[in-house]
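Chemist: Before I ask anything, let me first share the structure, which is written out below as structure tokens.
The values are calculated or read from the model by the stated rules, or taken from the named source; none is laboratory data. These numbers were taken from a predicted model, which means no experiment stands behind them. Cβ atoms come from the backbone with ideal geometry, glycine included; neighbour counts cover every protein chain shown. Side chains included, ligands, DNA and RNA excluded: accessible areas come from the protein's heavy atoms. Shrake-Rupley method; radii C 1.70, N 1.55, O 1.52, S 1.80 Å.
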Amino acid sequence: MVYVTRRETFAAAHRLFIPEKSDSENEKIFGKCSNPNWHGHNYTLEVVVRGKPEVETGFVIDIKVLKEIIREHVINKVDHKNLNIETDFMKGVIPTSENITMAIWNQLKDKIPSGELYSVKLYETENNYFEYKGE
């Protein structure tokens, strides 16, 4: 099995909060990540596709095709956006990095033309990353 990884970056703002709770209650739960004026991250995204290389091309997946899929279905929707209010696939979801990672998986899972989606890894900072491999 060969694992092909494409790395992309994006910058996005968000606020972690539960609408039914007060600002002070949200601050107790989410800390500074619940700032009513938002905050942001420079994220790094890694998408891994696994499979056996095709005999004719030697590719598991054409990396240019993978790049286009990620950009169309994820990066163009999140880069320099507010995840709470501008990103369709995050509507109604608390945009924790865990939830963002799963939502990105769901954006990509049916779009991979060869090989299979193996994992989505999202770096929130250089010290924190979140990985999802499907259910």
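Chemist: Tally time: how many residues in segment 101-113 are under 13 Å from the mean Cα position of the chain (by Cα) and either over 13 Å from Glu46 (Cβ atoms) or in contact (Cβ under 8 Å) with a residue 40 or more places away in the chain (or both)?
Modeler: Total meeting the criteria: 7.
Chemist: Looking at this structure, is Thr125 of a type outside the set (Lys, Arg), touching a residue at least 24 places away in the same chain (Cβ under 8 Å) and either closer than 18 Å to His39 by Cβ or not in a strand (DSSP E or B) (or both)? Quick ask: steps written out before the conclusion?
Modeler: On the way: of a type outside the set (Lys, Arg): yes; touching a residue at least 24 places away in the same chain (Cβ under 8 Å): yes; either closer than 18 Å to His39 by Cβ or not in a strand (DSSP E or B) (or both): yes.
Answer is yes for this residue.
Chemist: Do you know which residues across segment 114-135 are more than 10 Å from the chain's Cα centre (by Cα), modelled with pLDDT of 95 or more and open to solvent by 80 Å² or more (accessible area, probe 1.4 Å)?
Modeler: Glu116, Asn127, Tyr129, Lys133
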